[in-house]
Amino acid sequence: MSELSVNHLLGIKYLKASDVDLIFETADHFKEVINRPIKKVPSLRDITIANLFFENSTRTKLSFELAEKRLSADVINFSASQSSVKKGETLIDTVNNILSMKVDMVVMRHPNPGAGVFLSNHINASIVNAGDGAHEHPTQALLDSYSIREKLGEVKGKNVVIVGDILHSRVALSNIYALQLQGANVMVCGPKTLLPKYINKLGVKVETNLRKALEWCDVANMLRVQNERMDINYFPSTREYSQQFGVNKALLNSLNKEIVIMHPGPINRGVEITSDVADSDQAIILDQVQNGVAVRMAVIYLLASKIKQ
């Protein structure tokens, strides 16, 4: 199969396993490209991409922008905080105004779950979901799986625990879908107050004891606590959270095996992981960042090749 089964990347739940394989094969090629002295390819010289960020983002936005420029696409950046959205303009009007400038693809982050799906039904452009509320963040899940594959050879059969604020995390949901699609065993671990009520329906193991979770897993993906999405206190204090669900080097060293530590960023050092863990050989956090550019190049390239047809 040389093309994706979808015209948009709205969420992992819309992808097939063959789509993930194709994205990873394509990312392998682009990873080689971005490690060359000249890091650009002329693949998308005739494609214009608009990055629409209705929520703050540093790493995802930079990563997408870099991926687009490495492919020689024309890039428009739009930040909602400096736009007419503040004056009451609707999402569809905003996007249609941008599309009238002959844009082929829209990369969008939006605080409302389902914003990308809604948009894909109303406009004629390819949509990449760069995070919709606490719902999905498909490219993050893809780059996380890609990083596991690179480190451990394959994702299938591996035990992966996602630790922390599962309730507010779009990364967690997308990762659960992506890992299960590739045949990994998935566990979530965190305070009961930060585990969603529907978690049992997702076919994952649930553990509230961090040590037990780490003894079970090959890979631990540490999520930050999303204070900006919380309107009430879900646990007594950051210090207490850190004592129960934070990973430090002493804890890692006390396990009878070496596990891989991941983090989607931004890291709250000293809360979910300590600096000596974040900067250790077991952490592949910077590999994830580098792989993010290659994976996003692959996604954009494969979707753009469907536009060109």
Problem set entry | Helix-only [θ]222 nm of the chain, DSSP H runs n ≥ 4, -39500 (n - 2.57) each, per residue, nearest 500 | -11500 deg cm²/dmol
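I need THR60, THR208, THR193, THR94 ordered by Cβ neighbour count within 10 Å, fewest first. Walk me through the numbers on the way to the answer.
Values: THR60 22, THR208 15, THR193 11, THR94 18.
So the ranking, lowest neighbour count to highest, is THR193, THR208, THR94, THR60.
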Exercise. In nanometres, what is the gap between the two model label sites at GLN243 and SER305, each 7 Å from Cα along Cα-to-Cβ?
Worked result: 5.4 nm
For this session: Over the stretch 97-174, calculate the relative contact order: mean separation of alpha carbon pairs under 8 Å at least 6 apart, over the residue count, as a percent.
Result: 27 percent
Exercise. So what's the angle, to the nearest 10 degrees on a 0 to 90 scale, between helix 138-152 and the longest Cα principal axis of the chain?
Worked result: 60 degrees
Exercise. When the label point is put 7 Å from the Cα of GLU89 along its Cα-to-beta-carbon vector, which residues of the stretch 114-155 have a backbone N closer than 16 Å?
Worked result: none
Exercise. Counting alpha carbon pairs within less than 8 Å and at least 6 residues apart, what relative contact order, in whole percent, applies to the stretch 138-288?
Worked result: 24 percent
For this session: Sort out for me the Cα centre separation of the stretch 158-186 from the stretch 58-135, rounded to whole Å.
Result: 25 Å
For this session: Hey, could you get me the Stokes-Einstein D for the stretch 138-288, Kirkwood radius over alpha-carbon pairs, 25 °C and 0.890 mPa s, rounded to whole µm² s⁻¹?
Result: 161 µm²/s
Exercise. Taking the simple approach of a point 7 Å from Cα along Cα-to-Cβ for both LYS192 and ASN97, what is their distance in nm?
Worked result: 4.9 nm
Exercise. How many angstrom lie between the C-alpha centres of the stretch 16-43 and the stretch 202-281?
Worked result: 31 Å
Exercise. Using a Förster distance of 22 Å, how high is the FRET efficiency between LYS40 and LYS151, based on the Cβ-Cβ distance and rounded to 0.05?
Worked result: 0.20
For this session: Any lysines with Cα under 24 Å of the LYS257 Cα? List them, leaving off those in the same chain fewer than 8 positions away.
Result: LYS151, LYS156, LYS158, LYS205, LYS212, LYS249
Seminar exercise, completed: Expressed to one decimal in nm², the mean projection of the alpha carbon convex hull of the stretch 1-141 is 8.7 nm²
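What relative contact order, as a whole-number percentage, does the chain give when Cα pairs under 8 Å and 6 or more residues apart are counted?
Relative contact order comes out at 21 percent.
FYI, it's all coordinate maths here, none of it is from the lab. Note that the structure is a prediction, hence the values are computed from the model and not measured. Here Cβ is always computed from backbone atoms with ideal geometry, including for glycine, and neighbour counts include all displayed protein chains.
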